[in-house]
Amino acid sequence: MFRSDKPSLRYEYSWSDTDKAKIFKTVCDDDIIDRNNGYQMLDFMKRFFQMSGLFSLDSFHRLENLIKKHMPEKCVTRGEMNIWLGKNWNKRI
């Protein structure tokens, strides 16, 4: 299994101390995910992988691409993002 960590990401994110301070200590579906905050994105992606049973680097890159390039901007909460990904994971986008 590959490591889903910072070097695996393909897009640019902010990794400032301010962004790090915005990491969620507890997780709920109403959390608003800042798609430019590397810490929040990496956490979201790791949790999505755990819930979905995914484990390949290709799937990790597909997930990141779907979020960054195809997911509507109106999907901002963890719950909305999970629902959209569930509906669109197997679509050709």
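So the values come out like this:
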| read-out | value |
| --- | --- |
| Segment 2-47, residues that are assigned to a loop (DSSP other than H, G, I, E, B) and either among the basic types (Lys, Arg) or at positive phi (or both) | 3, 10, 22, 25, 35 |
| Segment 46-93 - residue that is at pLDDT 95 or above and of a type in the set (A, V, I, L, M) and, of those, most open to solvent (accessible area, probe 1.4 Å) | 83 |
| Selection from segment 12-41 of residues that are crowded, with 16+ Cβ neighbours inside 10 Å and among the small types (Gly, Ala, Ser) | 38 |
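The values are calculated or read from the model by the stated rules, or taken from the named source; none is laboratory data. Quantities reported herein were computed from a predicted structural model and do not represent experimental measurements. Reconstructed Cβ throughout: ideal geometry from the backbone, glycine too, with neighbour counts over all protein chains shown. Just so you know, the surface numbers come from the protein's heavy atoms only, side chains and all, with ligands and any DNA or RNA stripped out. Shrake-Rupley method; radii C 1.70, N 1.55, O 1.52, S 1.80 Å.
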